[in-house]
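Beneath this line is the structure, given in structure tokens, with notes to follow.
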Amino acid sequence: MSEPTADELDKEQLQQLHNATLKASDACLELKKLCAAILVPVGTIVSSFSDKKPNGTLFIAGFMVIAAFWIADSFSYFYQRKLRGAMIPIWRRRAARVAGGYVHFPSSGAVSPTRAAINASMVYYLILGVLFGMAAWAYEVGLLGS
């Protein structure tokens, strides 16, 4: 039985990192779906404690749910990008062994925590927050509620 080659080991490591990255990516999508699914029951529960009429607590609870999911999704996105970043040195190492000097690599996976929280993937939470803000404003000026 022969020993595994450096290429085989690198390929295996890249596959494991790729699988972990896909799991993190799936988690981001699931968090977005779960956030939407939880907002309605939270609103219902909060309303049931206030004689089934909207009040400021309803909007505070909504903002808290959105913020909690935004933070959780940001962590997932951050680690997804970290995993992608860990793949780059392996790609470079494999490319160095290829004749002809392969130079096409994915862009850097580096991301700051701030960039993880504020990026195109998080627009979903921003939209939800704006909608809740508009509803809270409409409630305050008397357009919603009793």
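The values are calculated or read from the model by the stated rules, or taken from the named source; none is laboratory data. Here the structure is a predicted model, which is why all the values come from computation and not from measurement. Because the Cβ atoms are built from the backbone with ideal geometry, glycine has one as well, and the counts that use them run over all protein chains shown. Just the protein is used for accessible areas: all its heavy atoms, side chains included, with ligands, DNA and RNA removed. Shrake-Rupley method; radii C 1.70, N 1.55, O 1.52, S 1.80 Å.
Once region 89-118 is narrowed to residues that are β-branched (V, I, T) and closer than 22 Å to A27 by Cα, the residue that is least open to solvent (accessible area, probe 1.4 Å) is V111.
Can you say whether F59 is within 14 Å of the chain's Cα centre (by Cα) and surrounded by 15 or more Cβ atoms within 10 Å (Cβ to Cβ), as far as the supplied structure shows?
On the way: within 14 Å of the chain's Cα centre (by Cα): no; surrounded by 15 or more Cβ atoms within 10 Å (Cβ to Cβ): yes.
It is false that F59 is within 14 Å of the chain's Cα centre (by Cα) and surrounded by 15 or more Cβ atoms within 10 Å (Cβ to Cβ).
Within region 35-46, residues that are farther than 20 Å from I127 by Cβ have Cβ atoms under 9 Å from residues that are modelled with pLDDT of 90 or more in these pairs: I45/A61; V46/I60; V46/A61; V46/G62, counting only partners at least 6 apart in sequence or on another chain.
Output the residues belonging to region 8-56 that are on the phi > 0 side of the Ramachandran plot and open to solvent by less than 80 Å² (accessible area, probe 1.4 Å). Lay out the reasoning, then the answer.
As a first pass, look at region 8-56 and keep what is on the phi > 0 side of the Ramachandran plot: 51-52.
Matches in region 8-56: none.
Listed by first and then second residue, the pairs linking a residue in region 75-102 that is over 28 Å from T114 (Cα atoms) and without any contact (Cβ under 8 Å) to a residue 24 or more places away in the chain to a residue that is open to solvent by 50 Å² or more (accessible area, probe 1.4 Å) and of a type in the set (F, W, Y), with Cβ atoms under 9 Å apart and 6 or more places separating them unless they lie on different chains, are A95/Y102; A95/F105; A96/Y102; Y102/W91. Beta carbons closer than 6 Å, at least 6 apart along the sequence or on distinct chains, pair a first residue in region 123-146 that is touching a residue at least 40 places away in the same chain (Cβ under 8 Å) and at negative phi with a second that is surrounded by fewer than 12 Cβ atoms within 10 Å (Cβ to Cβ) and outside any helix (DSSP H, G or I) for S146/K53. Across region 62-75, the qualifying residues are those that are crowded, with 21+ Cβ neighbours inside 10 Å and among the small types (G, A, S), and the one among them that is nearest to A136 (Cα to Cα) is G62.
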